[in-house]
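The values are calculated or read from the model by the stated rules, or taken from the named source; none is laboratory data. Values in this document were obtained by computation on a predicted structure and should not be read as measured data. Cβ placement follows ideal geometry from the backbone for every residue including glycine, while neighbour counts extend to all protein chains displayed. Ligands, DNA and RNA are stripped out before the accessible areas are found, and what is left, the full protein with its side chains, is counted by its heavy atoms. Shrake-Rupley method; radii C 1.70, N 1.55, O 1.52, S 1.80 Å.
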Amino acid sequence: AQKITQTQPGMFVQEKEAVTLDCTYDTSDQSYGLFWYKQPSSGEMIFLIYQGSYDEQNATEGRYSLNFQKARKSANLVISASQLGDSAMYFCAMGTAGGTSYGKLTFGQGTILTVHP
Amino acid sequence: GAVVSQHPSWVICKSGTSVKIECRSLDFQATTMFWYRQFPKQSLMLMATSNEGSKATYEQGVEKDKFLINHASLTLSTLTVTSAHPEDSSFYICSAGGTYNEQFFGPGTRLTVL
């Protein structure tokens, strides 16, 4: 079974500063993917970044980067130069590449990020 | 990216009635769609996997007779909450995608049962 753990219920950051949101995972699968989603108060799930288990380089997408440490089973999200619009709930999620779980995502508990001006 | 729509965006119904929520993939075909449920300030919990042309696969603890899923075409899956009760009030979100690393989410449906 897959498990995603986000240990930070809430995080606060000053505008223009960087922030790291923690995510650890547990799986017995060899091939898997790790995702980060942003969910503003409207409820929509906004895809931010993806890291494959066999990717050797950390994924980056604009101000978002994923600090992937496979041996530690961690996939932390780093947001650089925080903006007020970054205030939202952030979810770490895992998907499996094959079998009957194809496409299913397991989500962490989420972290509420608040950016202060 | 691909677009997934949900209808309605929000619905209020009386206890004991049934509510149908539609999930459509607008510009791609999806043989598989997923239905999630989310309570306020909590995580998304997978309810079931909707398979086009066959029965849905439900996660442990999800009542099949309570949450009816129909995936009649490659672009439409429906979730019907039968005999809804206040405890069924939640945010329901569907997702679809072509590959395991590319899931697109609908905007969600907020259900309130009075």
*Output the residue which, of all residues in the stretch A:78-108 that are surrounded by fewer than 16 Cβ atoms within 10 Å (Cβ to Cβ) and at pLDDT 95 or above, is farthest from B:LYS55 (Cα to Cα).*
A:ALA81
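Okay, residues lined up against (1) open to solvent by 60 Å² or more (accessible area, probe 1.4 Å); (2) without any contact (Cβ under 8 Å) to a residue 40 or more places away in the chain; (3) in a loop (DSSP other than H, G, I, E, B); (4) away from chain B (no Cβ under 13 Å):
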| position | (1), (2), (3), (4) |
| --- | --- |
| A:SER28 | yes, yes, yes, yes |
| A:LYS38 | no, no, no, no |
| A:SER42 | yes, yes, yes, no |
| A:TYR54 | yes, yes, yes, no |
| A:ASN76 | no, no, no, yes |
*asked:* Looking only at the stretch B:25-82, how many residues end up being among the aliphatic types (A, V, I, L, M), in contact with a helix residue (DSSP H, G or I) (Cβ under 8 Å, 6 or more places away or on another chain) and under 14 Å from A:GLY103 (Cα atoms)?
replied: 0
*A:GLU61 is checked against (1) more than 15 Å from A:SER28 (Cα to Cα); (2) surrounded by fewer than 20 Cβ atoms within 10 Å (Cβ to Cβ); (3) without any contact (Cβ under 8 Å) to a residue 12 or more places away in the chain and fails just one. What number does that condition carry?*
(3)
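Considering each of B:LYS55, B:LYS41, B:LYS64 in turn, give the residue that is surrounded by fewer than 16 Cβ atoms within 10 Å (Cβ to Cβ), in contact with a strand residue (DSSP E or B) (Cβ under 6 Å, 6 or more places away or on another chain) and of a type outside the set (S, T, N, Q). Please lay out each step first, then the result.
Numbers: B:LYS55 fails: in contact with a strand residue (DSSP E or B) (Cβ under 6 Å, 6 or more places away or on another chain); B:LYS41 fails: in contact with a strand residue (DSSP E or B) (Cβ under 6 Å, 6 or more places away or on another chain).
On inspection, the qualifying residue turns out to be B:LYS64.
Mind listing whichever residues of the stretch B:17-38 are assigned to a loop (DSSP other than H, G, I, E, B) and modelled with pLDDT under 95? Full working, then the answer.
Looking only at the stretch B:17-38, we keep the residues that are assigned to a loop (DSSP other than H, G, I, E, B), and these are B:17-18, B:26-31.
Of everything in the stretch B:17-38, those that are assigned to a loop (DSSP other than H, G, I, E, B) and modelled with pLDDT under 95 turn out to be B:LEU26, B:ASP27, B:PHE28, B:GLN29, B:ALA30, B:THR31.
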